[in-house]
Structures are given as structure tokens and as C-alpha cells.
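Step one of this worksheet: look at the structure below.
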Amino acid sequence: MKVLVPIKRVIDANVKVRVKADQSGVELNNVKMAMNPFCEIAVEEAVRMKEAGIASEVIVVSAGAANAQETLRTGLAMGADRGVLVQSDGVLEPLAVAKLLKAVVEKEGAELVILGKQAIDGDNNQTGQMLAALLGWSQGTFVSKIEVADDSITVVREVDGGLESVKLSRPSVVTVDLRLNEPRYASLPNIMKAKRKPIDTMTPDDLGVDVTPRVQVLKVTEPPARAAGVIVGSVAELVDKLKNEAKVIK
Ligand code: AMP
């Protein structure tokens, strides 16, 4: 079974995001970038499937600018076999990414796609669901456990009320949640080995996909700054302020 893992390059989760002066988006110049954390979990799961003899090949795919190659190399250093870069410099909306991924899935003959449940930059949480719909495949989202059988995949989903087990017919699209696994750090020898693993580069045109955006960002602004707190002298003063200033109690 070939497993495809779409991975996105995003601003590193530890970086404080700054809005550009012209409010057209967030500052990406000289900002540390990394693999989206949920994508790391997806790569880890696929590599474990390879190690367990369930997956025959793990292919990492990224759509974006040329420097998404670095993110693909990280996936290769974690243990993926090959990379595919769909190079496109403009904005890629989830529907465009899903269409690109569908084309790659069909080209590669993959049977399972494991994505992050969401990318921490746009917080869209859409790509996996759209991909499953476009392919007409079963989907399991927010997954914290995966078990592959011959003709089905059983997943445990993290839902509001607790955990839900779902049996999916294969082929399937799965999106992963935080508790699925703890991704490994790539070792130095594996980072060196990853440099020699192949990465195929193609464009949306090569895949016959129109990636023209359908949504226009009007402006991006910082959340309002929080007002400074005050230290109250007594419980009576606190109750008075809650009643008369904040007006949150009667
Ligand atoms: P989103 O729907 O944008 O929150 O992203 C959910 C998941 O879709 C991510 O964790 C990735 O697995 C995948 N994904 C989103 N954008 C891209 C991209 N540009 N290239 C590859 N995979 C992507």
C-alpha cells in the first residue's frame, strides 16, 4: 500500500507571528519556518506503517514555493522514501491544494492519504475533507488511532463527547490529531541520507489544475491589546468592581 502524506511549510509554532505594516498578511521575511506540527504526526504514522510492513512506500508531498523542498527534506529525514513538490508561488487555498493532491494521488496510485487535521497558519481544517470528497473516498478525521486491515481501516476519532470508532472502506483519507503519536526527531545520519532521496518537482499546470484563488483577503490585523490588570485591595473591592465597573455580576 502506497501512503501519501501531504505536508505544509508554516511559520514555526514557537515564533511570535507579526502582521505586515500594510495589513496584507503576516510577515514571512526572516521568520523561522517549519513543518506544520500535525503534518509531522502524519509523517510519523506513515513511517511507522512502513516499519511495520503495512506501507510499501511513503511519499511526502508539498504544494508551495521552491523552499517547501526544505520541509520535504525534513519528511525524508524522518523516514519517508520520496518527495513531490508541486511548485506554485501564489496563495494556495485548501480547495486548490485538494485538487493538486487528488492529481498526485491518481498519478502515484496511492491507497491511503494521511494529512494533518489542520495547518496552524490558516487554521482551515478543510484540505483532507475536500480531498476525500473529490476522490470519492472514505474519510476519518481528527484521528488518534489507526488500525489497517486487508479491506478496511479502523480509526478512533476525537469528538466533542469523547472517542468515536469508525470503520472505513479502503482507499481512505485520514486526518490526524495530536494524540496519535509523538513524532521522532530526525537523526544526523538520516538527515544526511535524506539529501540523496529523490524529490520530483512539477507545477499545477503539469497536473492540469487551476489554482486561481476564490477568496480575497481584505486585511489582516493584530487582536486588540489587553488592558493592563489592577490589583484589588480586598474581596469587597473586587465584588464592587465586578458589579459596577465590569458589570458582570448583579
Ligand atoms: P488545512 O486544511 O489548510 O488546515 O490543512 C490541513 C492539512 O492539509 C495539513 O496538515 C496538510 O497535511 C495538508 N495541506 C494543507 N496545505 C498544504 C500544502 N500547501 N501542501 C501540502 N499539504 C497541505
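The values are calculated or read from the model by the stated rules, or taken from the named source; none is laboratory data. Remember, predicted model here, so these are calculated numbers, not experimental data. Virtual Cβ from ideal backbone geometry, glycine too; neighbours counted across all protein chains shown. Just so you know, the surface numbers come from the protein's heavy atoms only, side chains and all, with ligands and any DNA or RNA stripped out. Shrake-Rupley method; radii C 1.70, N 1.55, O 1.52, S 1.80 Å.
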Computed on Cα atoms only, the convex hull of the chain has an orientation-averaged projected area in nm² of 18.5 nm²
Count the DSSP beta bridges whose two residues both fall in region 2-223, then state the antiparallel fraction as a percent rounded to the nearest 5. 40 percent
Net charge near LYS193: determine it from the other residues with C-beta under 12 Å of the C-beta of LYS193, scoring Lys and Arg +1 and Asp and Glu -1. +3
Accessible area expressed per residue, region 85-156, with surrounding protein chains retained (probe 1.4 Å, Å²): 42 Å²
Mean residue ellipticity at 222 nm from the helices of the chain, using -39,500 (n - 2.57) per DSSP H segment of n ≥ 4 over the full residue count, to the nearest 500 deg cm²/dmol? -8000 deg cm²/dmol
Per-residue HN-Hα couplings for region 243-248, Karplus 6.51 cos²θ - 1.76 cosθ + 1.60 at θ = phi - 60°, whole Hz, x for Gly and Pro? 6, 9, 9, 6, 6, 9
Taking 22 Å as R0, compute the FRET efficiency from the Cβ-Cβ separation of SER187 and SER56 and round it to 0.05. 0.40
Set the Förster radius R0 to 22 Å, insert the Cβ-Cβ distance between GLU70 and LEU218 as r into 1/(1 + (r/R0)^6), and round the FRET efficiency to 0.05. 0.10
Can you work out the FRET efficiency for the pair LYS250 and VAL230, with r the C-beta to C-beta distance and R0 = 30 Å, to the nearest 0.05? 0.90
Charge dipole magnitude, Cβ of K and R +1, D and E -1 - the chain, Cα centre, debye nearest 20: 460 debye
For the pairs LYS50/LYS197; LYS16/LYS241; LYS219/LYS241, note any where the Cα-Cα span goes beyond 27 Å. LYS16/LYS241; LYS219/LYS241
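What order do you get for 212-219, 58-65, 25-32, 98-105 when each peptide is scored by the mean count of other beta carbon atoms within 10 Å, highest first?
So the peptides 212-219, 58-65, 25-32, 98-105, ranked by packing, come out 58-65, 98-105, 25-32, 212-219.
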Region 59-196 - charge dipole about Cα centre, Lys and Arg +1 at Cβ, Asp and Glu -1, debye rounded to 20: 480 debye
Work from the charge dipole of the chain (Cβ charges, +1 for Lys and Arg, -1 for Asp and Glu, about the Cα centre) and give the residue of VAL86, VAL155, PRO223 farthest towards its positive end. PRO223
Dipole check, region 105-227, charges on Cβ (K,R +1; D,E -1), about Cα centroid: among THR127, VAL211, ASN181 the Cα furthest to the positive pole belongs to ASN181
Which Cα, out of ALA66, LEU100, TRP137, lies furthest along the positive dipole direction of region 2-223 (beta carbon charges, K/R +1, D/E -1)? ALA66
